[in-house]
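The values are calculated or read from the model by the stated rules, or taken from the named source; none is laboratory data. Note that the coordinates shown come from a computational prediction; the quantities given were computed from them, not determined experimentally. Cβ: placed from backbone, ideal geometry, glycine included. Neighbour counts: every protein chain shown. For the accessible areas, the whole protein counts, side chains as well, though only heavy atoms, and no ligand, DNA or RNA atoms are used. Shrake-Rupley method; radii C 1.70, N 1.55, O 1.52, S 1.80 Å.
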Amino acid sequence: MEPQPTPRPRGRGIYLLPNLFTTGGMFAGFYAIIAATQGRFDEACVAIFVAAILDGVDGRVARLTNTQSEFGVQYDSLADLISFGLAPALVMYHWALEATKLDGGIPGKIGWVGAFLYAACAALRLARFNSQVGQVDKRWFIGLASPAAAGLVASFVWTCHSFDLSGEELRYAALAVTVLAGLLMVSRVRYVSFKGSGPRNDRVPFLAILVVVAVLVAIAIDPPRVLLAIFAPYALSGPVQALWRRLRRTPETPSPPAGGAGAA
């Protein structure tokens with residue numbers, strides 16, 4: 001029996017492929033920061049969503065090409081900190097939060113503190129996610145995922161800007177959105193991840209594909225408002241479901257028996 005030829009080892013060059021997508025997402029996040037500093041908020045928000053798309057692609061490319069690596073995991077996390085931590089915080093700051101300085105004194109510092117809080121929460125969220133890989137159910141996220149939080153912030157800015165609403169006038173509403181998104185990232189609230197726990201669960205029904213197509217068509221027609229209509233309910237879904245589960249577990253207080261001691 002002839003010996004089987006030893007397969008050639010996979011070249012290291014293919015590991016560049018998923019990391020190129022990661023680099024592209026980081027570039028999009030960096031571009032969003034530059035665009036925000038120049039007042040081009042529509043472009044900044046689009047760049048954040050481009051980063052989110054590339055962030056979803058790089059992991060799938062790594063799995064499909066069997067090129068997962070610890071380096072790729074850490075590099076992806078650092079890129080996410082720029083794209084979904086710093087970029088949304090600075091876009092929101094330059095659009096609205098910077099205007100809190102018009103109120104003078106202590107209120108003038110609230111804007112940059114809120115932006116920093118969001119960025120810090122994103123860093124904590126990513127660190128916690130990396131430390132819990134393989135320990136949690138893949139069907140759920142613990143805390144709002146950083147791309148979803150970035151999507152909430154970016155879609156809020158994009159929608160308001162498309163309506164010609166002034167960030168200066170909405171600075172405290174923008175502050176509330178920023179702080180809420182940051183706190184949800186570090187919360188223990190559970191969110192649906194839309195990931196299956198096994199190969200069988202990766203299959204989706206035909207109806208789900210139609211829904212995805214319909215959503216994509218709606219986004220193409222009116223991107224800012226449709227994206228806000230997606231990310232805002234998703235961000236609120238975690239606390240609402242947690243409250244609902246807590247109410248269902250609360251035992252009802254028994255009512256006193258009618259008729260005094262003679263009641264059965």
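Before moving on, here are some points about what is shown:
- Residues of the range 14-58 that turn out to be surrounded by fewer than 19 Cβ atoms within 10 Å (Cβ to Cβ) and among the aromatic types (Phe, Trp, Tyr), as a count: 3
Matching residues to (1) modelled with pLDDT under 90; (2) in a helix (DSSP H, G or I):
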site: 7; (1), (2): yes, no
site: 10; (1), (2): yes, no
site: 14; (1), (2): yes, yes
site: 19; (1), (2): yes, yes
site: 24; (1), (2): no, yes
site: 31; (1), (2): no, yes
site: 35; (1), (2): no, yes
site: 45; (1), (2): no, yes
site: 53; (1), (2): no, yes
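- Selection from the range 175-233 of residues that are assigned to a loop (DSSP other than H, G, I, E, B), open to solvent by 90 Å² or more (accessible area, probe 1.4 Å) and modelled with pLDDT under 90: 194, 195, 199, 203, 204
- The one condition from (1) surrounded by 21 or more Cβ atoms within 10 Å (Cβ to Cβ); (2) touching a Phe, Trp or Tyr at 6+ places or on another chain (Cβ under 7 Å) that residue 61 does not meet is (1).
- Positions within the range 107-153 being of a type in the set (A, V, I, L, M, F, W, C) and over 23 Å from residue 88 (Cα atoms), in sequence order: 133, 136, 140
- Residue check, residue 93 under 15 Å from residue 168 (Cα atoms) and surrounded by 23 or more Cβ atoms within 10 Å (Cβ to Cβ): yes
- Residue check, residue 141 open to solvent by 20 Å² or more (accessible area, probe 1.4 Å), among the aromatic types (Phe, Trp, Tyr) and closer than 24 Å to residue 24 by Cα: no
- Every residue from the range 103-135 that is modelled with pLDDT under 90, touching a helix residue (DSSP H, G or I) at 6+ places or on another chain (Cβ under 9 Å) and not in a loop (DSSP other than H, G, I, E, B): 103, 107, 108, 128, 129, 130
- Filter result for residue 75 (over 13 Å from the mean Cα position of the chain (by Cα), hydroxyl-bearing (Ser, Thr, Tyr), more than 23 Å from residue 234 (Cβ to Cβ) and modelled with pLDDT of 95 or more): no
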